[in-house]
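The values are calculated or read from the model by the stated rules, or taken from the named source; none is laboratory data. The structure displayed is predicted, hence computed values, not measured ones. Note that we place each Cβ from the backbone using ideal geometry, even for glycine, and neighbour counts take in every protein chain shown. When the accessible area is computed, the model is the full protein with side chains, heavy atoms only, and any ligands, DNA or RNA have been set aside. Shrake-Rupley method; radii C 1.70, N 1.55, O 1.52, S 1.80 Å.
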Amino acid sequence: MAKQIKKVVLAYSGGLDTSVIIPWLKENYDGCEVIACCADIGQGDELDAVHDKALKSGASKVYIEDLTQEFLEEYVWPTLQAGAVYEGKYLLGTSFARPIIAKKLVEIAKKEGADAIAHGATGKGNDQVRFELTVKALAPNIQIIAPWREWDLDSRSSEIEYAKAHGVPVATENKTYSMDRNIWHLSHEGSDLEDPANAPHNSMYLISKAPEDAPDKPEYVTIDFEQGKPTAVNGKKLGAVALLTELNEIGARNGVGIVDICENRLVGMKSRGVYENPGGSLLYYAHRELEYLCLDRATFHYKEQVAIRYGELVYDGMWFCQLREALAGFVDSTQRTVTGQVKLKLYKGNIMSAGSTSPYSLYSQEFVTFEHDDVYDQADATGFINLFGLPLKVRALMQEKNEK
């Protein structure tokens, strides 16, 4: 197998794991060529440094791909429209980032004529599944290499020793937590968070203020949507990247979007994570407020069920599966009238509705008013209740008959 691999495209982040993987691949796959691919999805890394580090670590070529706008428009917005949340809390920040990265890996592998794609995800996590399912869906014949499932490097110190022995630059910083960042979120795992009894320290937050440190004065923000997609903040039309950047700043300074969850990983174990999701939390809240106005009861309730399944598919790495695509068709249909503006009140980590408007609102004050109206005959309710309650009445009559 090793001799068959002549060229590998590696999902490269610039961290210790993926930097070590470059010489490890060359050493264990018969001197194969390694091409590093770094996807920019708004993580804020110094990409010039990442490019240079990959070359110093032994990569023959480095691709730096800016995927931020595509990430938001083609992955985040559809998930937002679906209202998909994993286990009631997690806004899927890492989950829907992996398919777009793997898709780019496949594109580069085909362009370069590579034999394999490699990633640095561990054998304990969800990311290995997300990367590999995407590759299987888009390039079923290409080989996949997951060094964490093959090598004998079992600790950070052993990786550092390997890096030094192979001339790989080693960063001096020692991060307390395992973190994943993109324009949508920042996640924290490991260290003291591995014990669910431990509350997160405020010093851990790198994006959001702790709620108690947020201003003592509420802030109001308006968000406009067109067919379920966000288009403007405070009356200013913005592209996807600028819009989320603006909402991240607004949410962060008000301590909004901090989530602490002990979630069920796909691989069977529970994992404790703390997520900072300021802009995304505002968007989810506002989008739902608008759907309250614009969707009828049956559609809204059924869409809630769809949202749960959609979220599970995204979490499980099944972005390119037929079911998610079919559910997306349903979601698109529901979003045709989800257009309007939502006003939110933010105060010390809290989000509160402050009013919503839509040209497609199904709310009718004329029908619902407690004052006099000429459109609703309250006597009609008698026949409705008699028919709606008929099964209950028939069952009760049967029970009375059999009790005699």
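Quick one: with all protein chains in place, what share of the accessible area of region 331-404 is carbon or sulfur, to the nearest percent (1.4 Å probe)? Kindly include the intermediate steps, with their values, before the conclusion.
Details: 3330 of 5990 Å².
Here carbon and sulfur together make up 56 percent of the probe-accessible area.
Once you put a point 7 Å from the Cα of L323 and another 7 Å from the Cα of L392, both along the Cβ direction, what distance in nm separates them?
Once both label points are built, they end up 3.5 nm from each other.
Ignoring ligands, DNA and RNA, what percent of the accessible area of region 167-233 is carbon or sulfur (1.4 Å)?
45 percent
Before anything else, pin down the relative contact order of region 211-315: Cα pairs under 8 Å, at least 6 apart, normalised by residue count, whole percent.
Here the relative contact order equals 20 percent.
How much length is gained if the chain between R265 and E107 is pulled fully straight, taking 0.36 nm per residue apart and subtracting their Cα-Cα distance, in nm to one decimal?
Numbers: separation 158, 0.36 × 158 = 56.88 nm, distance 2.84 nm.
So the extension gain works out to 54.0 nm.
Starting from the coordinates of the alpha-carbon atoms of region 212-308, obtain the Kirkwood hydrodynamic radius over all distinct pairs and give the value in Å to one decimal. Before the final figure, lay out each step's value.
Numbers: mean 1/r = 0.0647 Å⁻¹.
Kirkwood hydrodynamic radius for region 212-308: 15.5 Å.
Mean separation of Cα pairs under 8 Å and 6+ residues apart, divided by the residue count of the chain: what relative contact order is that in percent?
17 percent.
Using +1 on the beta carbon of Lys and Arg, -1 on that of Asp and Glu, and nothing else charged, what's the dipole of region 107-208 about the Cα centre, debye to 20?
Working: 10 positive and 16 negative charges, 71 e Å.
Its charge dipole is roughly 340 debye.
I'd like the carbon and sulfur percentage of the solvent accessible area for region 18-79, probe radius 1.4 Å, heavy atoms only, ligands and nucleic acids excluded.
Reported share for carbon and sulfur atoms: 39 percent.
For helix 322-334, what angle does its Cα long axis make with the longest principal axis of the chain, in degrees from 0 to 90 and rounded to 10?
40 degrees
Which residue, L323, L293, L282, has the most motion in a Gaussian network model of the chain that connects Cα atoms within less than 10 Å?
Of the options given, L323 has the highest mean-square fluctuation.
Charges at C-beta only: +1 for Lys and Arg, -1 for Asp and Glu. How large is the resulting dipole of the chain about its Cα centre, in Debye rounded to 20?
Magnitude of the dipole: close to 740 debye.
Relative to the present Cα-Cα distance, how much length would full extension add between R288 and E194 at 0.36 nm per residue of separation?
Using 0.36 nm per residue and subtracting the Cα-Cα distance, I get 30.6 nm.
What accessible surface, in Å², does a 1.4 Å probe find on K124, ignoring ligands, DNA and RNA and rounding to the nearest 10?
130 Å²
Set the Förster distance to 25 Å, then compute FRET efficiency between R297 and E74 from the Cβ-Cβ distance, nearest 0.05.
Efficiency, rounded to the nearest 0.05: 0.20.
Any chance you could run the full-extension gain for E87 through E219? It's 0.36 nm times the residue separation minus the Cα-Cα distance, nm to one decimal.
Result: 44.6 nm gained on full extension.
Once you put a point 7 Å from the Cα of Q143 and another 7 Å from the Cα of M179, both along the Cβ direction, what distance in nm separates them?
With each label point 7 Å from Cα toward Cβ, the separation is 3.7 nm.
As a test, work out the antiparallel percent of DSSP beta bridges whose residues both lie in region 83-203, rounded to the nearest 5. Can you show the working numbers first?
Values: 5 of 8 bridges.
Close to 60 percent.
Take the alpha-carbon centre of region 329-365, take the same for region 156-172, and report the distance between them in whole Å.
51 Å
Each label point is 7 Å from the Cα along the Cα-to-Cβ direction; what then is the distance between the points at R253 and D373, in nm?
4.2 nm
By average Cβ neighbour count within 10 Å, what is the ranking of 30-41, 156-167 from highest down?
By packing density, highest mean first, the sequence is 30-41, 156-167.
So, counting K/R as plus one and D/E as minus one, what does the shell of residues with Cβ under 14 Å around V135 add up to?
My count for the surroundings of V135 gives +2.
Just the number please: accessible area per residue for region 202-338, 1.4 Å probe, all protein chains included, in Å².
44 Å²
So what's the net charge close to E249: Lys and Arg +1, Asp and Glu -1, counting the other residues with Cβ under 14 Å from its Cβ?
0
Using each residue's phi in region 91-105, evaluate 6.51 cos²θ - 1.76 cosθ + 1.60 at θ = phi - 60° and report the 3J(HN,Hα) Karplus result to the nearest Hz, with x for Gly and Pro.
The phi angles translate into 8, 6, x, 7, 4, 8, 7, 5, x, 5, 5, 5, 4, 5, 4 Hz.
Would you calculate a helix-derived [θ] at 222 nm for the chain, using -39,500 (n - 2.57) for each DSSP H run of n ≥ 4 and dividing by the full residue count, to the nearest 500? Walk me through the numbers on the way to the answer.
Numbers: 14 runs with 161 residues, N = 404.
Helices in the chain give a 222 nm mean residue ellipticity of -12000 deg cm²/dmol.
Considering the dipole of region 308-404 built from charges on the beta carbon (Lys and Arg +1, Asp and Glu -1) around the Cα centre, which of F370, L327, T337 is farthest to its positive end?
Farthest towards the positive end: L327.
May I ask you to evaluate 6.51 cos²θ - 1.76 cosθ + 1.60, the Karplus curve with θ = phi - 60°, for each residue of region 4-9 and list the ³J(HN,Hα) values in order in whole Hz, giving x for glycine and proline?
Ordered by residue, 3J(HN,Hα) equals 7, 8, 9, 8, 10, 9 Hz.
If you average the sequence gap of Cα pairs under 8 Å that are 6 or more apart and divide by the length of region 12-157, what percent do you get for the contact order? List each step's numbers first, then the result.
Numbers: 160 pairs, mean separation 28.2, N = 146.
Contact order relative to length: 19 percent.
Leaving out ligands and nucleic acids, and using a 1.4 Å probe, what accessible area per residue does region 30-142 come to in Å²?
Per residue, region 30-142 has 37 Å² of solvent-accessible surface.
Nearest-5 percent of antiparallel DSSP beta bridges in the chain?
Roughly 65 percent of the beta bridges in the chain run antiparallel, per DSSP.
Could you calculate, for region 1-143, the ratio of the Cα radius of gyration to the Kirkwood radius, expressed as Rg to Rh? Intermediate values should be presented prior to the final figure.
Values: Rg = 15.4 Å, Rh = 15.7 Å.
Looking at region 1-143, the ratio lands at 0.98.
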